[in-house]
């Protein structure tokens, strides 16, 4: 059987025909339409119908979306990177626009990535892990195996996993959530870029090729400078890893989680980030957990979204 | 059916005959024997046999102990308040000393209290809660309902729930676990007493009856001063609540937990602590959780240990 996996991002919507074995048989992408949820669904449905003309047997579709879901995953709630969206019944809109589909499921993008990593990636065979998506926002998914249950930890109203909004410093930098010291306020893409720029501005003695950079200091740019030998650029990721490790340590102690899987743009910084994160994590967890902690890179990269979205329709965690 | 519930504390062992309805039919206590785990079991077994001579039908016993357990709960690991204990096979020792019992189970004291609160106390009917025990240490238990599972969240190796060792300040005061800024390093009994004393010493202008206190500034002492109108004493609990609220907010965001149940000695401070904790919690959680968060007082007080211990043998969460 084949399933359609859809990964709605802030700038691009990716679509893929995915086999039950998690293999991508065809892929496609469209720019994310700006405007209402209904307008997005309208444009998306056109592309879906095109794909279905080549794969007429496909009757199941899973969709990942960058926003919090309600308990039964019928509503996407105020996704910060889909401007103008409020509480949107995305599943119902899709069902209305694509009646030829027997089953459509929608879930948060980090949850969808966790499903893919659990089944085919860095979380395969792991009973408990935290998946962290390091992007504009810092998303997360707590994967748990407790008793008869194994899957995405949902919490009391379906919103669990907001690792990005766990704080490591009660007096830390303000986060756009209203709290302070959230890990997102340190390593979220814009925060990281801004802090890096401030450091350069504050200390004229720092030698770095990043001074010449135009526009925002995106992780890719900093990583390229680091790879070319820029010591300051390297220190940016060392610090990011160190801070991240403290937030991971809190999760390790609270949930006895040993495996941490990092994905998303900032994770592209590579070993420096991972080594720093692991060092701080290990230094700050309880003695019995210390020997067991691991920080892994997400294995499916950009494809986790579409593969995991496809998994939604045959491996949906209980609501 | 009746069950024997045993609550091993640092200074006292409490024993109770508990009905299936959670009613205590008889209780008893002995001072906690100092020395090895075997020695403790020897003394405990004598008292158990005395109780059993009055209730010969009792064949099940549950035991709560202040220490981390391994995954199958056969070992108690380095309990900080039972001096001289290392990794102790407490369950096997008890089975050996009390062969007349058909079933014996041992679990961490915070987990046992959570079982009791879930069944008969402040957690009754609540799908997800965090129980926090505020004592010498700050213990915790994550109670979860996910899919087919409802019970104590155990984690990868059985050690989940160490809320006391989640940090709210990466540069905060050192904790005896080796990390910094753990909530236990602020509101654990000795830390709280010490910080309070330091404040008094540092500022001679503070007017407080606590200056005249002999020995450690125990929560009961501070609470009594507060109840007698001591504004400084009140500020101690306000600050403790404020700090606690920040640590609770991290759990609320990570796990979408709405209900927080506080028990133990420090919780005796009453409304001031609870109000401060709730205020800070509400101010620091994500918007969708804000209207739902609650901080409740543990309902079973001193009896949660023995009642929950008895529950262990008929409501054991899957290992």
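The values are calculated or read from the model by the stated rules, or taken from the named source; none is laboratory data. This is a predicted model, so every value here is computed, not measured. A quick note on method: Cβ atoms are made from the backbone with ideal geometry, for glycine too, and the neighbour counts reach across all protein chains shown.
Quick notes
- Annotation for segment A:297-311: no member residue is within 14 Å of chain B (Cβ to nearest Cβ) and either farther than 15 Å from residue A:143 by Cβ or out of contact with any helix residue (DSSP H, G or I) (no Cβ under 7 Å at 6 or more places or on another chain) (or both).
- Test: residue in segment B:209-220 that is surrounded by fewer than 20 Cβ atoms within 10 Å (Cβ to Cβ), within 14 Å of another protein chain (Cβ to nearest Cβ) and not in a loop (DSSP other than H, G, I, E, B): no
- Once segment B:252-272 is narrowed to residues that are part of a helix (DSSP H, G or I) and within 11 Å of chain A (Cβ to nearest Cβ), the residue that is surrounded by the most Cβ atoms within 10 Å (Cβ to Cβ) is B:252.
- Inter-residue pairs, beta-carbon under 8 Å, first closer than 13 Å to residue A:226 by Cα and in segment A:197-215, second assigned to a loop (DSSP other than H, G, I, E, B), 6+ apart: A:208/A:230; A:209/A:228; A:209/A:230; A:210/A:217; A:210/A:230
- Filtered by the rule that a residue be assigned to a loop (DSSP other than H, G, I, E, B), closer than 18 Å to residue B:242 by Cβ and under 16 Å from the mean Cα position of the chain (by Cα), segment B:162-186 gives B:166, B:183.
- Residue that is nearest to residue B:314 (Cα to Cα) [pool: residues in segment B:1-33 that are over 21 Å from the mean Cα position of the chain (by Cα) and not in a strand (DSSP E or B)]: B:20
- Residue in segment A:186-205 that is within 14 Å of chain B (Cβ to nearest Cβ) and under 28 Å from residue B:170 (Cα atoms) present: yes
- Here segment A:92-117 is the region considered, the condition is being buried (at least 24 other Cβ atoms within 10 Å of the Cβ) and outside any helix (DSSP H, G or I), and the residue that is nearest to the chain's Cα centre (by Cα) is A:108.
- Consider segment B:221-233 and keep the residues that are surrounded by fewer than 18 Cβ atoms within 10 Å (Cβ to Cβ) and assigned to a helix (DSSP H, G or I). The one that is nearest to the other protein chains (Cβ to nearest Cβ) is B:231.
- The listed residue being on the phi < 0 side of the Ramachandran plot and surrounded by 15 or more Cβ atoms within 10 Å (Cβ to Cβ), out of B:56, B:89, B:80: B:89
- Failed item in (1) touching a helix residue (DSSP H, G or I) at 6+ places or on another chain (Cβ under 8 Å); (2) modelled with pLDDT under 95, with residue B:4 passing the rest: (2)
Conditions tested, residue by residue: (1) facing chain A (nearest Cβ under 10 Å); (2) surrounded by fewer than 24 Cβ atoms within 10 Å (Cβ to Cβ).
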site	(1), (2)
B:250	yes, no
B:274	no, yes
B:279	no, yes
B:282	no, yes
B:292	yes, yes
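- Residue-level check: of (1) touching a strand residue (DSSP E or B) at 6+ places or on another chain (Cβ under 6 Å); (2) within 27 Å of residue A:242 (Cα to Cα); (3) outside any strand (DSSP E or B), residue B:139 misses just (3).
- Flag if residue B:244 is within 14 Å of chain A (Cβ to nearest Cβ) and either surrounded by 24 or more Cβ atoms within 10 Å (Cβ to Cβ) or in contact (Cβ under 8 Å) with a residue 24 or more places away in the chain (or both): yes
- So residue B:181, is it closer than 19 Å to residue B:163 by Cβ, out of contact with any helix residue (DSSP H, G or I) (no Cβ under 8 Å at 6 or more places or on another chain), within 14 Å of another protein chain (Cβ to nearest Cβ) and modelled with pLDDT of 95 or more: yes
- Selection of segment B:10-30 for residues being out of contact with any strand residue (DSSP E or B) (no Cβ under 9 Å at 6 or more places or on another chain) and under 20 Å from residue B:136 (Cα atoms) yields only B:10.
- If the condition is being crowded, with 24+ Cβ neighbours inside 10 Å and within 7 Å of chain A (Cβ to nearest Cβ), then segment B:162-178 contributes B:162, B:163, B:165, B:166, B:167, B:168.
- Looking only at residues of segment A:144-161 that are assigned to a strand (DSSP E or B) and closer than 18 Å to residue A:106 by Cβ, we find that the one that is farthest from the other protein chains (Cβ to nearest Cβ) is A:152.
- Which listed residue is under 30 Å from residue B:217 (Cβ atoms) and more than 9 Å from chain A (Cβ to nearest Cβ), from B:125, B:137: B:137
- Residue within segment B:196-207 that is crowded, with 19+ Cβ neighbours inside 10 Å and not in a helix (DSSP H, G or I) present: no
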